[in-house]
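Asker: I'd like to ask you about the structure that follows.
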Amino acid sequence: MADVAYLDWPFFEERHRALASELDAWAAQNIDDDHGDIDAKCKALVRALGDGGWLRHAVGGGEHGGAAEQIDTRTICLIRETLARHSGLADFAFAMQGLGSGAISLDGSAAQKAHYLPRVARGEAISAFALSEPEAGSDVAAM
């Protein structure tokens, strides 16, 4: 593992350290930095992250495939930090999945959660979100 002195910080628990170590080993075996066709690579990374069980951490609710009842922010930070050391594209793929699945986990209807979250957790669906605000439309920067 690269320099991970931050894992000694007091707000990380042993479970966080173990997860970071496990993901680091997994990423070394499963992620390369050959981005060739970026669209295809992103889809492949989402599938690999799902197959590896890592996307489960971006989904709230065990009954919907999530790793825990609630999304753990410290776990998300460690996953992103570890993935980014291996591949910026892998971190991007994880983050984008988390943006869509997080919104559904927190405020989606029961039907939306049942339909989308298990597929997102397995890497079988690409998650996304959209927003619209009066006088800003979908331009987040204008909000």
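Asker: State all residues of the stretch 32-61 that are surrounded by fewer than 17 Cβ atoms within 10 Å (Cβ to Cβ) and outside any helix (DSSP H, G or I); if no residue qualifies, say none.
Answerer: Residues satisfying the conditions are ASP32, ASP33, ASP34, HIS35, GLY36, ASP37, GLY53.
Asker: Considering only the stretch 109-142, state which residues are aliphatic (A, V, I, L, M), under 14 Å from the mean Cα position of the chain (by Cα) and surrounded by fewer than 18 Cβ atoms within 10 Å (Cβ to Cβ).
Answerer: Scanning the stretch 109-142 gives ILE126, ALA128.
Asker: Given ARG74, ARG56, which one is touching a residue at least 12 places away in the same chain (Cβ under 8 Å) and touching a His at 6+ places or on another chain (Cβ under 7 Å)?
Answerer: That would be ARG74, the only listed residue that is touching a residue at least 12 places away in the same chain (Cβ under 8 Å) and touching a His at 6+ places or on another chain (Cβ under 7 Å).
Asker: Here is a further query. Select from the stretch 62-102 the residues that are under 12 Å from the mean Cα position of the chain (by Cα) and assigned to a loop (DSSP other than H, G, I, E, B) and write down the one among them that is farthest from PHE12 (Cα to Cα).
Answerer: Among those that are under 12 Å from the mean Cα position of the chain (by Cα) and assigned to a loop (DSSP other than H, G, I, E, B), it is GLY66.
Asker: A further question follows. Quick check, is SER105 part of a loop (DSSP other than H, G, I, E, B), touching a Gly at 6+ places or on another chain (Cβ under 8 Å) and not β-branched (Val, Ile, Thr)?
Answerer: No, not satisfied.
Asker: Can LEU106 be described as within 12 Å of the chain's Cα centre (by Cα), at negative phi, at pLDDT below 95 and surrounded by fewer than 16 Cβ atoms within 10 Å (Cβ to Cβ)?
Answerer: Answer is no for this residue.
Asker: Go over the candidates ASP51, ASP34 one by one and state the one that is of a type in the set (Asp, Glu) and within 18 Å of PRO118 (Cβ to Cβ).
Answerer: Step by step, each of ASP51, ASP34 is checked, and only ASP51 is of a type in the set (Asp, Glu) and within 18 Å of PRO118 (Cβ to Cβ).
Asker: Among the residues of the stretch 8-31 satisfying the criterion of being in contact (Cβ under 8 Å) with a residue 40 or more places away in the chain and in a helix (DSSP H, G or I), which is farthest from the chain's Cα centre (by Cα)?
Answerer: Result: ALA28.
The values are calculated or read from the model by the stated rules, or taken from the named source; none is laboratory data. Note that the structure is predicted; figures quoted are calculated from it, not measured. Neighbour counts run over all protein chains shown; Cβ positions are idealised from the backbone, glycine included.
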